[in-house]
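The values are calculated or read from the model by the stated rules, or taken from the named source; none is laboratory data. Bear in mind that the values here come from a model prediction, so they are computed numbers and not experimental data. All Cβ positions, even for glycine, are placed from backbone atoms using ideal geometry, and neighbour counts span all protein chains on display. Ligands, DNA and RNA are stripped out before the accessible areas are found, and what is left, the full protein with its side chains, is counted by its heavy atoms. Shrake-Rupley method; radii C 1.70, N 1.55, O 1.52, S 1.80 Å.
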Amino acid sequence: MKTTNKKERLVAAIENGTVIDHIPADKTYQVASLLGLFNLSTPVTLGFNYPSKKVGNKGIIKVSDKFFTDNEISRLSVVAPKVILSIIRDYEVVEKKTVETPNEIRGIVKCNNPKCITNNEPMQTLFHVEGDMLTCHYCEKEQDINKVELL
Ligand SMILES: [Zn+2]
């Protein structure tokens with residue numbers, strides 16, 4: 001069967017949904033996991049190792065019929081701060097969003113202080129963000145956002 005380039009593009013494109021671009025290639029799976037994509041029933045395409053000037057090799061994720069809330073998007077900033085989301089309607093990009101690091105991160109990152117109350121009681125973690133530094137709200141221990149352990 002003969003396939004034209006145009007047809008190939010149509011197969012790769014999505015009619016409605018979100019394209020998540022500029023993901024560092026080694027974070028693609030983590031981003032998908034953070035967004036709960038493995039629990040969706042809509043089609044999801046994960047692509048790895050596309051060349052990128054911004055992040056070295058990059059990953060791209062296409063999610064059909066799914067639009068993310070700002071809260072969901074802000075979770076991404078912890079693992080992949082340069083990510084760009086394109087909102088697609090009728091095969092056209094109608095909006096582009098850059099992931100912003102929020103001032104506070106709730107329940108995504110583990111505190112690296114074993115004595116911290118969040119590691120000993122069933123409660124949500126909370127960090128204040130300043131640049132690349134996260135400060136635990138409860139024990140005030142600081143950690144580098146690039147080295148955090150996710151919950
Ligand atoms: Zn703590």
> In segment 128-148, which residues are over 14 Å from residue 77 (Cα atoms) and more than 8 Å from the ligand (Cβ to nearest atom)?
Replying inline: 135, 142, 143
> Mind checking which residues of segment 35-45 are farther than 16 Å from residue 86 by Cβ, under 16 Å from the mean Cα position of the chain (by Cα) and open to solvent by 30 Å² or more (accessible area, probe 1.4 Å)?
Replying inline: 38, 39, 40
> Can you spot a residue in segment 86-106 that is among the β-branched types (Val, Ile, Thr), touching an Asp or Glu at 6+ places or on another chain (Cβ under 9 Å), within 13 Å of residue 21 (Cβ to Cβ) and outside any helix (DSSP H, G or I)?
Replying inline: yes
>> One residue is enough: does segment 65-83 have a residue meeting the conditions open to solvent by less than 70 Å² (accessible area, probe 1.4 Å) and in a strand (DSSP E or B)?
In response: no
>> Could you check segment 112-137 and list, in sequence order, the residues that are out of contact with any His (no Cβ under 9 Å at 6 or more places or on another chain) and part of a loop (DSSP other than H, G, I, E, B)?
In response: 112, 113, 114, 115, 116, 120, 121, 122, 123, 124, 131, 132
>> Quick check on residue 14: is it assigned to a strand (DSSP E or B), in contact (Cβ under 8 Å) with a residue 24 or more places away in the chain, out of contact with any His (no Cβ under 6 Å at 6 or more places or on another chain) and among the β-branched types (Val, Ile, Thr)?
In response: no
>> For residue 90, only one of the following conditions fails: (1) under 29 Å from residue 130 (Cβ atoms); (2) at pLDDT 85 or above; (3) exposed (fewer than 12 other Cβ atoms within 10 Å of the Cβ). What is its number?
In response: (1)
>> When the residues of segment 94-127 are narrowed to those that are more than 8 Å from the ligand (Cβ to nearest atom) and free of Cβ contacts under 8 Å to residues at least 12 places away in the same chain, which ends up least open to solvent (accessible area, probe 1.4 Å)?
In response: 123
> When segment 101-148 is examined, which residues are found to be over 22 Å from the mean Cα position of the chain (by Cα) and of a type in the set (Gly, Ala, Ser)?
Replying inline: none
> For segment 31-64, which residues satisfy the criterion of being assigned to a loop (DSSP other than H, G, I, E, B) and hydrophobic (A, V, I, L, M, F, W, C)?
Replying inline: 35, 40, 55
> Can you tell me which residues in segment 96-115 are more than 20 Å from residue 146 (Cα to Cα) and either modelled with pLDDT under 95 or of a type outside the set (D, E, K, R) (or both)?
Replying inline: 96, 97
